[in-house]
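The values are calculated or read from the model by the stated rules, or taken from the named source; none is laboratory data. Since the model is a prediction, treat every value here as computed from it, not as a measurement. So basically every Cβ, Gly included, is an ideal-geometry build from the backbone, and we count neighbours across all protein chains shown. Ligands, DNA and RNA are stripped out before the accessible areas are found, and what is left, the full protein with its side chains, is counted by its heavy atoms. Shrake-Rupley method; radii C 1.70, N 1.55, O 1.52, S 1.80 Å.
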Amino acid sequence: AVVAGAWFLTREVELSTTRACLVSLEKSAALEDVVRWYLPASKTDPEACGVSRAHGCCCTSGARTSCPYHAIESQLQRLKRLFPGRWVGGVPSQDLPLFPAADGSVVSKEKMTDTIVEAARRLGVQVVALDGSARVSGHSLRATGAQGLARAGVDVWAIQLLGRWGS
């Protein structure tokens, strides 16, 4: 969830409520592995009817753990293993969350934020500022992802497009 969320610049609520049927593993015209995710165009598009975004496999450096394609591929395989009855013809049912709770239900926005904070803690990130305020929140993956893409040389306009930002 954290790797995918950072690459796709998602909010915690998008991670907690997105459905597995909204992602697909595809081949590009050059036959490269691509993951496509249908995301809300804005906060007022909860059904994710707005836009799709795609990232290719970035494992050329051998870092599978931080690859968006392989993070989603691994999660879909996990879902097939844990919830085989919620797949029909190799396709996840409409109600299967991409990142569900242990019982297959949607996790709350607060629980997804807890997951993001715990991941940051495990990575050694200081999660509380000296003044006691939170340094990591449910929106941290959007900021972290945007910074990572910028450091990787992605143009600002492309980051804005990926993040669904108008400015």
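Here is how the numbers come out for the structure above:
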read-out: Tally of residues being hydrophobic (A, V, I, L, M, F, W, C) and in a loop (DSSP other than H, G, I, E, B) across segment 148-167; value: 3
read-out: Test: residue in segment 81-95 that is among the acidic types (Asp, Glu), within 23 Å of residue 25 (Cβ to Cβ) and not in a strand (DSSP E or B); value: yes
read-out: Scan of segment 15-35 for residues that are surrounded by 15 or more Cβ atoms within 10 Å (Cβ to Cβ) and closer than 20 Å to residue 154 by Cβ, ordered by number; value: 33, 34, 35
read-out: Residue within segment 95-118 that is loosely packed, with under 12 Cβ neighbours inside 10 Å, within 13 Å of residue 22 (Cβ to Cβ), of a type outside the set (A, V, I, L, M) and in contact with a helix residue (DSSP H, G or I) (Cβ under 9 Å, 6 or more places away or on another chain) present; value: no
read-out: Residues of segment 121-151 that turn out to be over 18 Å from the mean Cα position of the chain (by Cα), closer than 16 Å to residue 3 by Cα and open to solvent by 80 Å² or more (accessible area, probe 1.4 Å), as a count; value: 2
read-out: Pairs, first under 11 Å from residue 83 (Cβ atoms) in segment 100-121, second in a loop (DSSP other than H, G, I, E, B), C-beta under 6 Å, six or more apart; value: 104/83
read-out: Residue pairs meeting the criteria (Cβ under 9 Å; at least 6 apart or on separate chains; first among the charged types (D, E, K, R), in segment 131-149; second modelled with pLDDT of 90 or more and open to solvent by 50 Å² or more (accessible area, probe 1.4 Å)); value: 135/125; 135/126; 135/128
